[in-house]
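Q: Input: one structure, supplied below.
The values are calculated or read from the model by the stated rules, or taken from the named source; none is laboratory data. Predicted, not measured: the structure shown is a model, and the values here were computed from it. Virtual Cβ from ideal backbone geometry, glycine too; neighbours counted across all protein chains shown.
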Amino acid sequence: MRTRSSLSRIATFVAIATLAVAACSSSATSAPSAATSAAPAGSAAAGTDMTALIAAAKAEGGLTLIATPASWCNYGGIISAFTAKYGIPVNVLNPDGSSQQELDAITANKDNKGPAAPDVVDVGLAYGPKGVAEGLYAPYKVATWADIPDTAKDPNGMWYGDYYGVMSFEVNTDVVKSVPQDWADLLNAGKNQVSLAGDPTQSSQAESAVWAAALGNGGSLDNAQPGLDFFKKLNDAGIFVPVIGKTATVASGETPIRLAWTYNALADKDSLKNNPNVTVVVPKTGRLGGMYVQAISAYAPHPNAAKLWMEYLYSDEGQLGWMSGYCNPIRYDAMVKANAIPAAIAAKMPDTSGAVLPTLDQITAAVSTITKGWPTTVGATVK
């Protein structure tokens, strides 16, 4: 289990993540305002009129999210709590969608205020500045803005970090008798046993798994190629399964070893309730962390509900909701200072000591290497 002292390093852990963010964001094109609202964009840090915001959000009649499956970071519980608190129904589009698909959904629905248009996205770090550059986000600063490290947010409030996890092995031990403890052990797995949690040419989680494999096989944060070479070995040996690994495929044995963020793997373990038995392993080497970010669509059909959702997520209640789903929340240090984290919740967090989180420049380079190199080096179409 993770101790309080190891958890409190989130500010340092995040601080090394986005050294290039400000420069990248400042040169991007600003997104248009989502809509006229009770709480002007960028004003919340100076003091939001929550009464007016809540009334305006309720008047909009709903909130549309995308790619937030119930088991991911306890989104199911968080959404239920938000609706119970404010009476605003939440619709989730494409629950298992990738970060790129989230941006594509905004683009495809710029002129559509209907149910297919998302209000808010939760995307991998690289897709924060990408969305800004494409004019897809609207600025908004939550009331707890000051608690978010400067290195984990766009200075103009276009996007900000929400939580992070570390790449792990989710293993169906009813099928896999020799549980892998490190990357090299995967080369000794049986046929059709190792899978990714997405398409590595589109999914942040899958890209990160390839990159983590690089760290565990002689690569570095500046060299992701060994990860591709590693997956070529797995694929050539028939160990890699070109199927997107999900809870159901892990349970059925179709993908008995899934590479996934700690919070997704642990959520699966809980939901399966020992049927089958699942264990979650943070590899001994190649411990790679990944931060996700929130952003409001510049074309949100429910802009006030989107802002209220952001206020909720970055409140103590919302941050504890993420922790209940095994995610390390961005405001952790501020909450520790305020003694706002119950010991029982902190004790559930996995030990990810020694994990590293890359800078935005490193992410950009690695994503380019992996997305371009996967078809030619590995050659497996994941679907």
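Q: Determine whether region 307-326 contains at least one residue that is without any contact (Cβ under 8 Å) to a residue 40 or more places away in the chain, charged (D, E, K, R) and not assigned by TED's automatic domain parsing to the domain that holds V194.
A: Checking region 307-326: at least one residue is without any contact (Cβ under 8 Å) to a residue 40 or more places away in the chain, charged (D, E, K, R) and not assigned by TED's automatic domain parsing to the domain that holds V194.
Q: Give the number of residues within region 359-374 that are in contact with a helix residue (DSSP H, G or I) (Cβ under 7 Å, 6 or more places away or on another chain) and either under 23 Å from T285 (Cβ atoms) or basic (K, R) (or both).
A: Counting residues in region 359-374 that are in contact with a helix residue (DSSP H, G or I) (Cβ under 7 Å, 6 or more places away or on another chain) and either under 23 Å from T285 (Cβ atoms) or basic (K, R) (or both) gives 6.
Q: Look at Q362 and say whether it is buried (at least 21 other Cβ atoms within 10 Å of the Cβ), under 20 Å from the mean Cα position of the chain (by Cα) and farther than 26 Å from K269 by Cβ.
A: Criteria met by Q362.
Q: Another one. So which of A340, A346 ends up being of a type outside the set (S, T, N, Q) and in a loop (DSSP other than H, G, I, E, B)?
A: That would be A340, the only listed residue that is of a type outside the set (S, T, N, Q) and in a loop (DSSP other than H, G, I, E, B).
Q: All but one of (1) outside the structural domain of T364 (by TED's automatic domain parsing); (2) touching a Lys or Arg at 6+ places or on another chain (Cβ under 6 Å); (3) not β-branched (V, I, T) hold for G245, so report the exception by its number.
A: (1)
Q: What's the total number of residues in region 122-167 that are buried (at least 23 other Cβ atoms within 10 Å of the Cβ), part of a loop (DSSP other than H, G, I, E, B) and among the hydroxyl-bearing types (S, T, Y)?
A: The total comes to 1.
Q: Here's another thing I want to ask about it. Can E254 be described as at negative phi and in a helix (DSSP H, G or I)?
A: no
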